[in-house]
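In what follows, a single structure is set out as structure tokens and then discussed.
The values are calculated or read from the model by the stated rules, or taken from the named source; none is laboratory data. Remember, predicted model here, so these are calculated numbers, not experimental data. A quick note on method: Cβ atoms are made from the backbone with ideal geometry, for glycine too, and the neighbour counts reach across all protein chains shown. Heavy atoms of the whole protein, side chains included, go into the accessibility calculation; ligands, DNA and RNA do not. Shrake-Rupley method; radii C 1.70, N 1.55, O 1.52, S 1.80 Å.
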Amino acid sequence: MSKFSGCRNLVLILGDQLTPSISSLRRADKSLDRVLLVEVHDETTYVRHHKKKIAFILSAMRHFADELRQGGWQVDYVKLEDPGNTGSFRGEVVRACERLSPQKVLLTEPGEWRVLEDAQSWQTALESPVEILEDTRFIATRAAFHAWATGHKQLRMEHFYRDMRQKTGLLMADGKPEGGKWNFDADNRKPARSDFFMPQPAKFEPDELTKDVLKLVERRFGDHLGDLYPFWFAVTRQDAETAFDVFLENALADFGTYQDAMLTGENFLYHSVVSTYLNAGLLDPMDLCLKVEAAHREGKAPLNAAEGFIRQILGWREYVRGIYWLNMPDYARSNALGASRSLPDFYWTGDTKMHCMAEAIGQTIEEAYAHHIQRLMVTGNFALLAGIDPHEVHEWYLAVYADAYEWVELPNTIGMSQFADGGLLASKPYMSSGNYINKMSDYCQSCAYDVRQKTGSTACPFNALYWDFLDRNQDRLGNNPRLGQPYATWKRMDDRKKQDLRDSAASFLSLLDRGAGV
Ligand code: FAD
Ligand code: DLZ
Ligand code: SF4
């Protein structure tokens, strides 16, 4: 580390704040201020992150430090194994203040409540004041979301999304949604086939700097989940932009149509695979929406694809962030359905006879990536139906995906996937029997279980678990108008059939609890 005596502001940049125009840097002056990036043990281990996730963040941080230096900034960079590294943000800020005696410490608001709470207490350990600035890298500010939420009795993404379309003018024509509809979901539910053209996300060769990080991760985090190699993520802004351009060119046109499809051995289908870059600050959400809108206007992508993509970013991504900040810290402990079963070991190994689960978990281990429907309707659906403790489910998602930070992962898991917030984020639980998975994928064709069989040891476990879930949660969910149809079907079933389903679910859950292979 270079010696430097004194600076005006010390600007701390966190690992998911790799944006040159971030509010803390906008406030700073290259000639007077000092930028600080720190690799710290606490962040690499607060959950046992996938190896690829740690490698991505550390390599992207190191490349960002270089980008800033090339732009004329003076940067202090603390590496994980530097002597004296205290292992925490607080410890490193204290050390840097002792070294540099800044007049002030500046940082942009952290994306996780845990880190914000910590940062708000640093002041007590420092001589210099700490100023926390708003994170302006989102399309809706926290205040705007708060105002929107205050004006609505029930919070629903679709209403928020329509407001955002109007505010931004994205895909709007004369104040009306382009194509006359806000949403083209009905066109977006087609299964894919393995003989289709399969685009691949852009993949990048690790440079020397990344190779050093990969060796570090191998050495220090060898016992964490996941395959470190092949490592192909973009770790610079320029490469992340190339990755998005490749998506625009090769996959966007079919993004909508096959958004919910799943196929054995195809990890990415027509998805953009940019959440990791976006959430670390290498890409800008509004910029992506504008590029997709432009591609549509140039005739390169149909409306159902462009609208489908923009809804994910402008709608879902912004909405879940708003929900997070509105409800933390209590949100993290929500458990409206009282689920308490431990997360099965096969979530960490992929070792299960359920082919859909083995595929989704297996590719997660390989790539630190699974697409939305795999997360929601396979691994999430199973955890919901089996009554797994939502906090354990949350910690799993936070650890295993390279794009996972609590502000985005937690509402998706607790709210959308596990219905543990009792319906604050979503109007009904996202759940299904094996039928939906069979319709949207080819997984069931090579599964040890039979998707058409409803009960018995060789029946698809999702089938009995689905009905058993509805049955055991009848007090909590029975009055949900969106579950009227399945509850009506359940009520019509004869008692013998109901008991068979309950018995089948109970046998399966007992195998699960005993750690027997399922
Ligand atoms: P695409 O399918 O190409 O979508 C484009 C972009 O839209 C994504 O890159 C992402 O930025 C945004 N997006 C899409 N859906 C959502 C959503 N529901 N919430 C927020 N943004 C969305 N996404 C994360 O970024 N981080 C997470 O930790 C995360 N955890 C999840 C956990 C569960 C249980 C579920 C059901 C979903 C989770 N998601 C998370 C949302 C979604 O699955 C991922 O954003 C998506 O799979 C990323 O892949 P992609 O970039 O190829 O997305
Ligand atoms: C996830 C992560 C990891 C693995 N390592 C670091 C790190 O060493 N230094 C750092 O600044 N950030 C890291 N991060 C990202 C932080 O956890 C993230 O910035 C906070 O959770 C706030 O969202
Ligand atoms: Fe999954 Fe059931 Fe299909 Fe097997 S049969 S792949 S367990 S949905």
ask   = What about Gly6, is it open to solvent by less than 40 Å² (accessible area, probe 1.4 Å), in a loop (DSSP other than H, G, I, E, B), at pLDDT below 95 and more than 16 Å from ligand 3 (Cβ to nearest atom)?
value = yes
remark   = Sole miss for Gly422 among (1) away from ligand 1 (no atom under 13 Å from the Cβ); (2) at negative phi; (3) among the small types (Gly, Ala, Ser) is condition (2)
query = Is it the case that segment 501-516 has a residue that's on the phi > 0 side of the Ramachandran plot, among the small types (Gly, Ala, Ser) and within 33 Å of the chain's Cα centre (by Cα)?
reply = yes
request  = Report, ordered by the first and then the second residue, all pairs with beta carbons closer than 8 Å, sequence separation of six or more or different chains, a first member in segment 70-85 that is without any contact (Cβ under 8 Å) to a residue 60 or more places away in the chain and more than 16 Å from ligand 3 (Cβ to nearest atom), and a second member that is assigned to a strand (DSSP E or B) and not basic (Lys, Arg).
outcome  = Trp73/Val35; Val75/Val35; Val75/Leu36; Val75/Leu37; Asn85/Val38; Asn85/Val78
note = Note: among Gly422, Gly350, Gly380, just one is closer than 24 Å to Gly484 by Cβ and either in contact with a helix residue (DSSP H, G or I) (Cβ under 6 Å, 6 or more places away or on another chain) or in the same structural domain as Asp260 (by TED's automatic domain parsing) (or both), namely Gly380
task = Write out, first by first residue and then by second, each pair whose Cβ atoms fall under 7 Å of each other, whose residues are 6+ apart or on separate chains, and whose first residue, in segment 144-170, is more than 9 Å from Gly315 (Cβ to Cβ) and hydroxyl-bearing (Ser, Thr, Tyr) while the second is open to solvent by less than 40 Å² (accessible area, probe 1.4 Å) and not in a loop (DSSP other than H, G, I, E, B).
result = Thr168/Leu314
query = Cβ-Cβ below 7 Å, separation at least six or inter-chain, first residue in segment 423-451 and touching a residue at least 24 places away in the same chain (Cβ under 8 Å), second near ligand 3 (Cβ under 9 Å from one of its atoms) and open to solvent by 50 Å² or more (accessible area, probe 1.4 Å): which pairs?
reply = Cys444/Asn438; Ala448/Lys353; Tyr449/Lys353
message = I'm trying to understand the selection: among the residues of segment 19-37, which are out of contact with any Ser or Thr (no Cβ under 9 Å at 6 or more places or on another chain) and within 13 Å of ligand 2 (Cβ to nearest atom)?
response = Leu36, Leu37
request  = Consider Phe309 carefully, then state whether it is near ligand 1 (Cβ under 10 Å from one of its atoms), part of a helix (DSSP H, G or I) and not assigned by TED's automatic domain parsing to the domain that holds Gln154.
outcome  = no
key: Residues located in segment 73-125, provided they are of a type in the set (Lys, Arg), over 31 Å from the mean Cα position of the chain (by Cα) and closer than 30 Å to Ala332 by Cα   = none
ask   = Of all residues in segment 425-439, which are open to solvent by less than 40 Å² (accessible area, probe 1.4 Å) and either near ligand 3 (Cβ under 10 Å from one of its atoms) or on the phi > 0 side of the Ramachandran plot (or both)?
value = Ser432, Ser433, Gly434, Ile437
key: Lone qualifier among Val378, Val393 - being part of a helix (DSSP H, G or I) and touching a Cys at 6+ places or on another chain (Cβ under 6 Å)   = Val378
